[in-house]
Every structure is written in C-alpha cells, then in structure tokens.
Amino acid sequence: MSEAQKTHILTILKGMDAPDGKGDVVSRAMVSDIFIADGKAFFSLSVPAAEAERFEPFCRSVEAAVAGIAGISNALVALTAERPAGSAPPRPEPARRPGEAIRQGEAPATGPAPPRKPSPKPGIPGIARIVAVASGKGGVGKSTTAVNLALGFAAVGMKVGILDADIYGPSIPRLLNLKGKPRTSGGRTMIPLEAYGLKAMSMGFLVDEETPMIWRGPMVMSALTQMLREVEWGELDILVVDMPPGTGDAQLTMAQNVPLAGAVIVSTPQDLALIDARKGLAMFQKVEVPVLGIVENMSYFIAPDTGHRYDIFGHGGAREEAARLGVPFLGEVPIEMAIRESSDSGQPVVASDSDGPHATIYKDIAARALAQLELGATASQAPEIVFE
Ligand code: ADP
C-alpha cells in the first residue's frame with residue numbers, strides 16, 4: 001500500500017516544474033525519504049538556502065497534490081536548506097490539533113501532552129530541540145530505540161545529533177560502530193564523530209568501553225555539560241539524548257539541568273518495567289519536561305518459521321498504562337533477531353534496512369514524537385491567560 005503511494009508521490013513530483021525553472025525535484029535528487037503513517041505523508045525537499053522563499057509556495061502545492069492521493073489525507077513537506085548560523089531551522093507544522101487521535105481507532109483517552117511553559121534553562125546555541133530517551137531500568141532497549149528514533153528524525157530531512165548520556169554504560173559507540181577519539185577544535189571544543197548522517201558524542205569515545213567508571217554526583221553533571229556545550233554540534237534540528245537508565249539522582253539532575261523539549265520513555269510490557277516506567281514519567285513531570293510518549297519495546301515476537309505471534313512479555317501493557325497515565329502511546333516494537341543483530345553490529349535497522357518493516361515502525365514512532373513536540377511548541381507559544 002504505502003510503496004504504491006510513495007511511487008505515486010514521486011510521479012506527481014516528477015510532473016511538477018520546480019519554481020527555479022531547472023527541472024523537476026525528483027530528477028535533481030532533492031527529495032528525502034518519503035515516510036507515510038496513518039494517512040499522513042512526510043518528506044522534505046533540499047534546496048539552496050537562497051531559494052527557500054521561492055520554494056515555499058511550491059511546497060504548499062506539493063502538499064495539496066499529495067493529499068489528493070487515495071489513502072493520504074494530509075501531507076507535510078518541509079524545506080531543508082543550508083542555513084546561516086542562528087536562523088530558524090525548518091520545522092514541520094503541527095501534525096494534528098490538540099484532542100485529535102494519534103491514529104484512527106486508537107484515540108487516546110490520553111489526549112496530547114499538556115501545554116508547558118517554555119523552558120527557563122539556557123538553550124544550546126544552534127540546537128533547536130533536545131529530546132531525552134529514558135527508561136525506568138536497564139536492558140529494555142532504550143539505546144537501541146534512541147538510535148533508531150534519531151535516524152527516523154533524520155529520514156524526514158532533519159539535522160540530528162545523538163548524545164550518549166549513559167555515562168555508566170555508554171553503548172552508542174557500539175550501536176553506531178564508531179571507534180576512535182573525537183578531534184578537538186582549537187584545543188577546547190570537541191568535534192563530534194558521525195555515522196549514518198548523525199553527529200554523535202559519547203563518553204565511550206573518550207574512555208574504553210571496558211573501563212569501569214566511578215562517577216560521583218557533581219562529576220556526572222560536569223561531564224554531561226561538557227558533552228552538551230563543549231562539542232561543536234553545529235546547527236541541529238534535534239539532539240537526542242540517550243539517558244542513563246533509572247530514576248536516581250543523576251537522572252533527575254540531568255532532567256533538571258538540560259533544556260529538554262520533551263522525553264520519550266521506553267518500556268517492555270512486563271509489569272515491573274512499567275512500574276519503573278511510571279517512575280520515569282513522574283521524574284520528568286516533576287521537573288516540568290513534557291513526556292512525548294511511551295514506546296513499548298520487545299512488545300511481541302513473530303516466529304520466523306511459522307509466522308505465529310507470541311506475546312512473550314504479555315503484550316499491550318504499555319499502551320494501557322499510557323492511556324491510564326494520560327500520556328501518548330508512540331508505538332510498539334517487536335522483539336526481533338534482526339533488531340538485535342543490526343543493533344549490536346553497529347548497523348541500526350533504520351539505516352541498514354531503511355524500507356523494511358522494523359525501520360517503518362521506528363519511523364512511525366519518530367513521526368508521532370515529532371507531532372507531540374510540535375504540539376508542545378505551539379502550546380508554549382500561546383499567550384498565557386492570567387486571571388486576577
Ligand atoms: P538499554 O539501553 O535499555 O540498556 P539496549 O538498547 O542496549 O538497552 O538493548 C539491550 C539489548 O537488547 C541489546 O542487545 C539490543 O540489541 C537488544 N534489543 C533491544 N531492542 C530489541 C528488540 N526490539 N528486539 C530484539 N532485541 C532488542
């Protein structure tokens with residue numbers, strides 16, 4: 001279904017003259033990955049910065065044309081361009097209005113993330129938004145989700161970085177197959193490493209993964225501050241932060257001190273993990289960081305030989321829990337050999353099999369998280385009404 005829709009979109013784009021008169025955008029390789037979920041199509045067109053204004057009306061025409069395709073109700077076409085430092089990054093418009101369902105038939109009793117005040121914490125120049133990926137306990141697939149989520153954001157044309165804040169057990173070097181130490185620029189700031197289009201920074205680049213590190217409270221924050229502020233991230237639309245697992249003091253300090261636009265919580269369906277996930281949720285609520293939603297990882301297993309589905313950990317717990325807690329449910333990821341193997345060999349599935357079924361699941365989750373971020377941004381721009 002969606003493959004045919006993608007081909008249809010490309011055909012439409014091929015038939016449209018670009019406003020600079022230099023031919024269609026498909027032949028000129030200006031179109032990003034096309035991602036379709038819940039009847040909504042997302043993609044971006046990369047144009048020279050100076051042409052952005054000229055292409056704006058063209059994007060709207062493309063959106064209107066794409067929204068006419070059977071099964072697509074809505075399209076979101078972003079422009080990506082080389083931007084001069086400090087200018088606003090291209091951002092998708094709100095994907096849905098507050099109160100609208102995430103997906104037909106799975107309307108959350110939950111509703112959107114509640115409006116929040118803008119974060120008073122100083123932002124990081126050049127980074128438009130920072131999103132934490134957290135879990136109540138270790139081993140639930142938080143880092144795997146963080147990496148694939150980051151690649152899902154990149155697939156719609158965003159500039160994305162990933163910061164491994166899991167200083168106790170940094171796994172981003174392994175997940176992205178990155179080795180070597182970052183170079184420094186001018187002896188002070190570090191240049192992040194890059195893989196699959198993501199800029200990445202991890203304590204694991206600086207210290208051997210096998211070296212046990214002992215961290216005391218203030219050191220944790222100082223290491224994190226350095227990785228955030230003394231790294232040349234450049235212009236990023238989103239920086240994904242892979243948090244250390246759990247909800248202890250170190251995590252609370254991070255959640256409190258990093259200017260987070262939102263947090264994604266990863267949980268397995270087991271009860272215990274959900275109890276831990278609830279603690280994670282409470283932690284972010286305490287420091288007024290909007291929870292963009294819960295991801296259920298290792299949700300179910302499809303036997304490759306028989307195609308039978310097994311709900312190993314008792315499937316669906318996270319979805320119900322999300323509804324009960326009033327936070328959005330972002331999606332479920334099956335337990336899958338391909339995810340484990342690709343992840344552990346440093347070839348995350350969204351990059352190594354970008355059109356495969358698992359990549360689609362992660363891209364879908366990324367799109368929902370983006371929609372929640374947009375809702376938060378719109379809410380925080382709204383004037384506050386004060387009753388005297
Ligand atoms: P955490 O960051 O929560 O400790 P990781 O992302 O490191 O978890 O994942 C723990 C292990 O589980 C890794 O070996 C990873 O490849 C595997 N894993 C994560 N998600 C899945 C999944 N959906 N299916 C199969 N294996 C997974």
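The values are calculated or read from the model by the stated rules, or taken from the named source; none is laboratory data. Small disclaimer: the values here were computed from a predicted structure and weren't measured. Cβ sites come from the backbone with ideal geometry, for glycine too, and all protein chains shown count toward neighbours.
Sort out which residues of segment 159-191 are at positive phi, small (Gly, Ala, Ser) and in contact with a strand residue (DSSP E or B) (Cβ under 8 Å, 6 or more places away or on another chain), and write them in order of number.
Looking only at segment 159-191, we keep the residues that are at positive phi, and these are 177, 180, 186-187.
Imposing the further condition that a residue be small (Gly, Ala, Ser) reduces the set to 180, 186-187.
Result: Gly180, single match.
Just need a number here: residues in segment 323-348 that are near the ligand (Cβ under 9 Å from one of its atoms), surrounded by 15 or more Cβ atoms within 10 Å (Cβ to Cβ) and among the aliphatic types (A, V, I, L, M). Walk me through how you get there before you give the answer.
Keep residues of segment 323-348 that are near the ligand (Cβ under 9 Å from one of its atoms), which gives 333-344.
From the residues that got through so far, the ones that are surrounded by 15 or more Cβ atoms within 10 Å (Cβ to Cβ) too are 333-336, 338-339, 342-343.
Within this subset, residues satisfying the condition of being among the aliphatic types (A, V, I, L, M) are 333, 335, 338-339.
The qualifying residues number 4.
Filter segment 171-204 down to the residues that are part of a loop (DSSP other than H, G, I, E, B) and of a type in the set (A, V, I, L, M, F, W, C), then identify the one that is surrounded by the most Cβ atoms within 10 Å (Cβ to Cβ).
If we filter segment 171-204 for residues that are part of a loop (DSSP other than H, G, I, E, B), which is where we start, we get 171, 176-183, 186-188, 191-192, 196-197.
Retained after the next criterion (residues that are of a type in the set (A, V, I, L, M, F, W, C)): 176, 178, 191.
On the way: Leu176: 25, Leu178: 21, Ile191: 15.
Result: Leu176.
Within segment 118-139, how many residues are over 11 Å from Gly262 (Cα atoms) and modelled with pLDDT of 85 or more?
10
Across segment 40-55, what is the number of residues that are within 25 Å of the chain's Cα centre (by Cα), surrounded by 14 or more Cβ atoms within 10 Å (Cβ to Cβ) and not polar (S, T, N, Q)?
Number of matching residues: 7.
Which of the residues spanning segment 1-37 are closer than 14 Å to Ala75 by Cα, surrounded by fewer than 18 Cβ atoms within 10 Å (Cβ to Cβ) and at pLDDT below 80?
Ser2
Quick check, is Gly356 at negative phi, in contact with a helix residue (DSSP H, G or I) (Cβ under 7 Å, 6 or more places away or on another chain) and either of a type outside the set (Gly, Ala, Ser) or away from the ligand (no atom under 14 Å from the Cβ) (or both)?
Values: at negative phi: yes; in contact with a helix residue (DSSP H, G or I) (Cβ under 7 Å, 6 or more places away or on another chain): yes; either of a type outside the set (Gly, Ala, Ser) or away from the ligand (no atom under 14 Å from the Cβ) (or both): no.
For Gly356, the condition - at negative phi, in contact with a helix residue (DSSP H, G or I) (Cβ under 7 Å, 6 or more places away or on another chain) and either of a type outside the set (Gly, Ala, Ser) or away from the ligand (no atom under 14 Å from the Cβ) (or both) - is not met.
I'd like the full set of residues that are more than 9 Å from the ligand (Cβ to nearest atom) and in a strand (DSSP E or B), limited to segment 127-170.
Passing the criteria: Ile127, Ala128, Arg129, Ile130, Val131, Ala132, Ala134, Val160, Gly161, Ile162, Leu163, Asp164.
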